[in-house]
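**Q** What follows is a structure written as structure tokens; I'll ask about it next.
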Amino acid sequence: MSVPGPTHVDRAVRWGAGLIGIGTVQFVVAMAVVETRYAGYSLLTNYVSDLGNTSTSPLHVVFNISIVLLGVLAFVGIWMAWGGFPRGGSRGIGLLLLLVACVAAMLVGFFPENVNPPVHDLVSLLVFLPGGLALVILSVGMRPTTHWASYRALSAALGAVTLLSLAYYAPTQTLNTTWDPGLIERLIIAPILLWALAVTFHLTRLPVFSRFRTPVGL
């Protein structure tokens, strides 16, 4: 089935996509910078949250502020870009799950791993699980009749990587038997960040309709 002509969106969608992109990029850059200043830090064995540890991370303030910014910018961005996603129940459920993940990301920054471990572990899970589920659920609405069709497999695959990695990670953390926990945690987080960048790219390329034009259905 052929894909219909260009879908026009409200200008707010582009602004929202920009906020999602800015939040994601600044977080990735902040992680890289903090890692370079953390003596002996290993991408394989150190947790991402170690970067925000107030006792061991030299630039913990940078990391914690950055993840709070990620949550805030992504939350506002998703809210503004809501109309740019395919209509239907999957949009409502998927984007609400992402908003939960955004709020949880903010709380990760407020509750570093060494300050309140139980709360930190809970809010981290509320980033990982809703984030992975959201990507899979949103992929359901990316039908061939929408301009999201080419992102359907990508969204489903990235969500699956997050969920499968989490399914291994969570129980082995309880048993303290996780193999290369830093690597596994990054396999949980990286797909969500990659998806955010892909969504930013797609939404910012959609043409904007004027107030005199009726938008084509997404």
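The values are calculated or read from the model by the stated rules, or taken from the named source; none is laboratory data. On a predicted model such as this, the values are computed, not experimentally measured, just so you know. Heads up, the Cβs are rebuilt from the backbone with ideal geometry, glycines too, and the neighbour counts pull from every protein chain shown.
**Q** Which of the residues spanning the range 51-95 are within 13 Å of F27 (Cα to Cα) and β-branched (V, I, T)?
**A** Listed by number, the residues that qualify are V61, V62, I65, I67, V68, V72.
**Q** Take the residues of the range 13-54 that are of a type in the set (A, V, I, L, M, F, W, C), in a helix (DSSP H, G or I) and in contact with an Asp or Glu (Cβ under 9 Å, 6 or more places away or on another chain): which is farthest from I65 (Cα to Cα)?
**A** Per the criteria, the residue is V48.
**Q** With respect to L126, determine if the residue is more than 26 Å from I22 (Cβ to Cβ) and either modelled with pLDDT of 95 or more or buried (at least 16 other Cβ atoms within 10 Å of the Cβ) (or both).
**A** The answer is no for L126.
**Q** Could you list all residues from the range 1-41 that are of a type in the set (S, T, N, Q) and modelled with pLDDT under 95?
**A** Listed by number, the residues that qualify are S2, T7.
**Q** Can you say whether S165 is among the hydroxyl-bearing types (S, T, Y) and either surrounded by 15 or more Cβ atoms within 10 Å (Cβ to Cβ) or over 20 Å from the mean Cα position of the chain (by Cα) (or both), as far as the supplied structure shows?
**A** yes
For every residue, the table says whether it meets (1) of a type in the set (D, E); (2) closer than 20 Å to L69 by Cβ; (3) touching a strand residue (DSSP E or B) at 6+ places or on another chain (Cβ under 9 Å); (4) touching a residue at least 60 places away in the same chain (Cβ under 8 Å).
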{"site": "P86", "(1), (2), (3), (4)": "no, no, no, yes"}
{"site": "G89", "(1), (2), (3), (4)": "no, no, no, no"}
{"site": "V103", "(1), (2), (3), (4)": "no, yes, no, no"}
{"site": "P112", "(1), (2), (3), (4)": "no, yes, no, yes"}
{"site": "L125", "(1), (2), (3), (4)": "no, no, no, no"}
{"site": "F128", "(1), (2), (3), (4)": "no, yes, no, yes"}
{"site": "L133", "(1), (2), (3), (4)": "no, no, no, no"}
{"site": "R143", "(1), (2), (3), (4)": "no, no, no, no"}
{"site": "H147", "(1), (2), (3), (4)": "no, no, no, yes"}
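**Q** Of the conditions (1) surrounded by 17 or more Cβ atoms within 10 Å (Cβ to Cβ); (2) more than 14 Å from the chain's Cα centre (by Cα); (3) of a type outside the set (D, E); (4) closer than 19 Å to G88 by Cα, A134 clears all except one; give me its number.
**A** Only one criterion in (1) surrounded by 17 or more Cβ atoms within 10 Å (Cβ to Cβ); (2) more than 14 Å from the chain's Cα centre (by Cα); (3) of a type outside the set (D, E); (4) closer than 19 Å to G88 by Cα is unmet by A134, namely (2).
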